[in-house]
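See below for the structure under consideration.
The values are calculated or read from the model by the stated rules, or taken from the named source; none is laboratory data. Predicted model only: the values in this text are computed from it and were never measured. Cβ atoms come from the backbone with ideal geometry, glycine included; neighbour counts cover every protein chain shown. Each accessible area value is taken on the protein alone, full model and side chains, heavy atoms only, with ligands, DNA and RNA left out. Shrake-Rupley method; radii C 1.70, N 1.55, O 1.52, S 1.80 Å.
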Amino acid sequence: MPSLLQDCERLFGSNDLYSVLGVRRTAGEAEVRRGYHKTSLKVHPDRVTEEEKAEATEKFQVLGKVYSVLNDKDQRALYDEQGIVEDESDAISQDRNWEEYWRLLFKKITVEDIKEYEKKYKGSEEERADIIQAYMDFEGDMDDIMCSVILASIEDEPRIKAIIQKAIKKKEVPGYDAFLKESKKKSDQRKKRAHEEAVEAEAMKKEIGLGDGEDDLRALIQKRHQDKQKDVDDFMAQLEAKYCNNTKKGGKKSATSKKGKK
């Protein structure tokens with residue numbers, strides 16, 4: 001029977017567990033978790049065509065094993081130090097129901113769940129850290145920052161800018177020209193786009209009578225983005241991983257990777 005590393009090479013073109021999940025070797029538990037969620041969404045058996053289901057199922061199972069190794073302190077240490085994986089370990093047991101394991105980690109979310117999470121997230125230290133990280137990642141470009149910070153709306157922009165300005169004043173971050181010297185024209189264009197998206201979203205709600213389910217939420221996000229499926233999956237992966245960060249975990253033990261510039 002092929003080893004986990006051989007399966008990774010065959011199915012994902014790499015036997016590096018971190019590369020398979022798209023995370024850094026220094027990634028903490030949260031980044032590993034989110035990398036697993038984002039990658040597994042692309043091959044989830046319920047989200048592919050019937051012709052792709054067999055291969056997707058195999059990839060999905062392998063991703064579960066990869067996550068289990070990197071989420072287990074002892075198994076990860078062994079892999080980091082010696083580059084090997086104990087294929088007979090409990091962490092990657094062959095008889096585990098990986099879809100059930102995945103659902104224990106990532107519950108389906110609804111619009112109401114998001115509203116509840118938003119109340120706790122906005123104004124929190126977690127949000128501030130995300131804002132500062134986005135500012136550094138995108139070197140002060142507010143267009144990218146507003147797209148990157150989860151749940152950020154145009155109404156939040158003055159507050160987000162104030163958080164960044166305070167961090168610059170305290171010399172926690174450099175003062176990038178893209179932020180300090182942003183033109184009024186660019187700012188106005190961002191507000192105009194946000195307004196147009198809001199109008200479209202509201203019209204869609206009325207047109208098809210959106211409810212509070214995950215599918216309704218996915219349809220709404222698709223309506224608001226041009227690069228539909230990628231934006232939807234990225235957003236849902238980021239939000240679900242954050243929202244579900246404290247849910248019950250499967251197995252013996254049971255997450256935002258840094259975005260590149262657009």
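So, in the stretch 118-171, of the ones that are in a helix (DSSP H, G or I) and either touching a strand residue (DSSP E or B) at 6+ places or on another chain (Cβ under 7 Å) or aromatic (Phe, Trp, Tyr) (or both), which residue ends up nearest to Asp188 (Cα to Cα)?
First, pick out the residues of the stretch 118-171 that are in a helix (DSSP H, G or I): 118-121, 125-137, 142-148, 154-169.
Then drop every residue that is not either touching a strand residue (DSSP E or B) at 6+ places or on another chain (Cβ under 7 Å) or aromatic (Phe, Trp, Tyr) (or both), which leaves 121, 135.
Numbers: Tyr121: 27, Tyr135: 19 Å.
The extreme case among them is Tyr135.
Check off (1) under 28 Å from Ser124 (Cβ atoms); (2) of a type outside the set (S, T, N, Q); (3) open to solvent by 50 Å² or more (accessible area, probe 1.4 Å); (4) modelled with pLDDT under 95 for Glu196 and give me the number that stays unchecked.
Condition not satisfied by Glu196: (1).
Here are some residues: Lys161, Lys120, Lys171. Which one is surrounded by fewer than 16 Cβ atoms within 10 Å (Cβ to Cβ) and farther than 23 Å from Glu31 by Cα? Walk me through how you get there before you give the answer.
Working: Lys161 fails: surrounded by fewer than 16 Cβ atoms within 10 Å (Cβ to Cβ); Lys120 fails: farther than 23 Å from Glu31 by Cα.
When all the criteria are applied, what remains is Lys171.
So, of the residues in the stretch 49-64 that are surrounded by fewer than 22 Cβ atoms within 10 Å (Cβ to Cβ) and charged (D, E, K, R), which turns out to be nearest to Leu4 (Cα to Cα)?
Of everything passing the filter in the stretch 49-64, Glu58 is nearest to Leu4 (Cα to Cα).
Being modelled with pLDDT under 90 and touching a helix residue (DSSP H, G or I) at 6+ places or on another chain (Cβ under 7 Å) is the requirement here; does Val85 meet it? Break it down into steps so the answer makes sense when it comes.
Values: modelled with pLDDT under 90: no; touching a helix residue (DSSP H, G or I) at 6+ places or on another chain (Cβ under 7 Å): yes.
Here the answer is no, as Val85 does not meet what is asked.
Hey, can you tell me all the residues within the stretch 34-48 that are in a helix (DSSP H, G or I), within 15 Å of Glu99 (Cα to Cα) and open to solvent by less than 40 Å² (accessible area, probe 1.4 Å)? Write out each step before concluding.
So in the stretch 34-48, the residues in a helix (DSSP H, G or I) come out as 34-43, 45-47.
If we keep only those that are within 15 Å of Glu99 (Cα to Cα) as well, we get 36-43, 45-47.
Of everything in the stretch 34-48, those that are in a helix (DSSP H, G or I), within 15 Å of Glu99 (Cα to Cα) and open to solvent by less than 40 Å² (accessible area, probe 1.4 Å) turn out to be Tyr36, His37, Thr39, Ser40, Leu41, Val43, Pro45.
Scan the stretch 77-92 residue by residue and report those that are part of a helix (DSSP H, G or I) and surrounded by fewer than 17 Cβ atoms within 10 Å (Cβ to Cβ). Reasoning before the result, please.
Let us first name the residues in the stretch 77-92 that are part of a helix (DSSP H, G or I), namely 77-82, 90-92.
Answer for the stretch 77-92, where residues must be part of a helix (DSSP H, G or I) and surrounded by fewer than 17 Cβ atoms within 10 Å (Cβ to Cβ): Ala77, Leu78, Asp80, Glu81, Gln82, Asp90.
Is at least one residue of the stretch 4-25 modelled with pLDDT under 90 and open to solvent by less than 10 Å² (accessible area, probe 1.4 Å)?
No, that holds for no residue.
Within 24 Å of Lys122 (Cα to Cα) and either among the basic types (Lys, Arg) or modelled with pLDDT of 90 or more (or both): which single residue out of Lys184, Lys191, Lys206, Lys230 fits that description? Lay out the reasoning, then the answer.
Working: Lys184 fails: within 24 Å of Lys122 (Cα to Cα); Lys206 fails: within 24 Å of Lys122 (Cα to Cα); Lys230 fails: within 24 Å of Lys122 (Cα to Cα).
On inspection, the qualifying residue turns out to be Lys191.
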